[in-house]
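A short write-up of the structure that comes next.
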Amino acid sequence: MNGEKEVLFQVKNLKTYFPVKEGLLKKVTGNVKAVDGVSFEVYRGETLGVVGESGCGKSTMGKTVMRLLNPTDGEILYRMGGEMKDVAKFNKKELFDFRKEVQMVFQDPYSALNPSKKIGEAFEEPLKIHGIKDQKKRQEIMDRVIQMVNLRKEYLLRYPHEFSGGQRQRLCIARALEVNPSVLICDEPVSALDVSIQAQVLNLMKKIQHELKLTYIFIAHDLSVVQYMSDRIAVMYLGEIVELADSKSLYREPLHPYTKALLSAIPVPVINSGKKRIVIEGDVPSPINKPQGCPFHTRCPQCMQQCKTEKPVLLDRKGEGHFAACHLYSREEIL
Ligand code: SF4
């Protein structure tokens, strides 16, 4: 417990690398360091937003926490049966129970539903897998979850192609809710939808979270969407968390130069707002060949000599849970 908050996930130094193989003999010549030493906690009932440019490792991180990908190193501790247990070491049975508690909502609602199966069939499958043998009981659950996402229970008899993108994503959310999860890991759940539909789905997700007391890990590249949904936000760059803070202080007073640049790019609906955009020069370096020192130093407008050789540590820079990995904030400033 942290004050009043109960830690549900504790991720420590998580790494997910993909080997690069070359030549006829498929010799491993390097690694794509998609997630490279990430540590964070998730508290029960909160939404932790994870934001960053495409390719920063946020989706890989979500899939690794869900154990859809195996971690290369590190720990993913999850509170199960009152104890913190390492998901990375779960056996088949433990993984099965874990996947009942932690469900995932994917970005693409079009490929998440089998086009040849009626919605009812797609909904019934996970219930059978999780041992609900009574057909009447399964029907009750399916009717309840589909109505929870504001769709009619008659829709269970239809095929996926009969629905719009927003409706399909609501169906995917409903299916994830069937097994009574505690956590939803949402990977870009609205980015494939029209802007007009996004707000509807986000509001629905907030309502469901409140009603069912769910915990969300909400992954997205859109900072406005993440701000709307999240209590705390982790900013990722090149497989690492560079800033982690509660949503209000991150948006009011960002510390890391990368976060500042990202926030300056959010459009403001005011003419002549005086807001200046910070343009980051250059491309994101390759995750196969990461720069030494600070991963952001090749593009940082405030780069110092120290940044090129010494890796900054993610530290609480103000003593109030606002973490940043940047040499601009010295240890003395924290104390
Ligand atoms: Fe920029 Fe240096 Fe801070 Fe990295 S450590 S973000 S290079 S100032």
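Per DSSP helix of 4 or more residues, -39500 (n - 2.57); summed, then divided by the residues of the chain. What does that give at 222 nm, rounded to the nearest 500?
-8500 deg cm²/dmol
If you keep only loop residues by DSSP, which trypsin sites (Lys or Arg not before Pro) in the range 222-319 have at most 12 other Cβ atoms within 10 Å of their Cβ?
275, 276, 277
Output needed for the range 153-309: three equivalent-ellipsoid semi-axes, defined as square roots of 5 times the C-alpha gyration tensor eigenvalues, in descending order, whole Å.
Working through the eigenvalues yields semi-axes of 36, 18, 16 Å.
Starting from the amide H of residue 241, placed 1.01 Å from N in the peptide plane, find each other amide H under 5 Å away whose residue is 5 or more places distant or on another chain.
Placed amide hydrogens put 39 under 5 Å from residue 241.
Rg and Dmax of the range 95-161, using alpha carbons, in Å: what are they?
12.4, 33
Can you give the charge dipole size of the range 132-227 about its Cα centre, rounded to the nearest 20 debye, using +1 on the beta carbon of Lys and Arg and -1 on the beta carbon of Asp and Glu?
With Lys and Arg at +1 and Asp and Glu at -1, about 440 debye.
Using DSSP to call loops (not H, G, I, E or B), can you name the chymotrypsin sites (Phe, Trp or Tyr not before Pro) in the range 154-230 whose Cβ has at most 13 other Cβ atoms within 10 angstrom?
Sites meeting the loop and neighbour criteria: none at all.
Convert each backbone phi in the range 304-314 into a coupling constant with the Karplus relation 6.51 cos²θ - 1.76 cosθ + 1.60 (shift: θ = phi - 60°), then list the ³J(HN,Hα) values in order as whole Hz, x for Gly and Pro.
10, 4, 4, 5, 6, 10, 10, 7, x, 9, 6
Count neighbours as other Cβ atoms within 10 Å of each site's Cβ, and list the GluC sites (Glu not before Pro) in the range 5-85 that are DSSP loop with at most 16 such neighbours.
Here the GluC sites (Glu not before Pro) that fit, given the DSSP loop and packing criteria, are 6, 53.
Each residue of the range 316-325 in turn: what ³J(HN,Hα) in whole Hz from Karplus with 6.51, -1.76, 1.60 and θ = phi - 60°, glycine and Pro shown as x?
Once rounded to whole Hz, the list reads 6, 7, 10, x, 9, x, 9, 8, 8, 10.
Please find the FRET efficiency linking residue 249 to residue 137, where r is the Cβ-Cβ separation and R0 is fixed at 51 Å, and quote it to the nearest 0.05.
FRET efficiency, residue 249 to residue 137: 0.65.
Can you tell me the convex hull volume per residue for the chain, based on C-alpha atoms, in Å³ to the nearest whole number?
Spread over its residues, the Cα hull of the chain gives 173 Å³ apiece.
Please list the equivalent ellipsoid semi-axes of the range 1-159, computed as the square roots of five times the alpha-carbon gyration tensor eigenvalues, in descending order and whole angstrom.
Ellipsoid half-lengths, sorted descending, are 33, 23, 16 Å.
Here, each number is a calculation from the coordinates, and none is a lab measurement. Keep in mind that this is a model prediction, so the values were computed, not measured. All Cβ positions, even for glycine, are placed from backbone atoms using ideal geometry, and neighbour counts span all protein chains on display.
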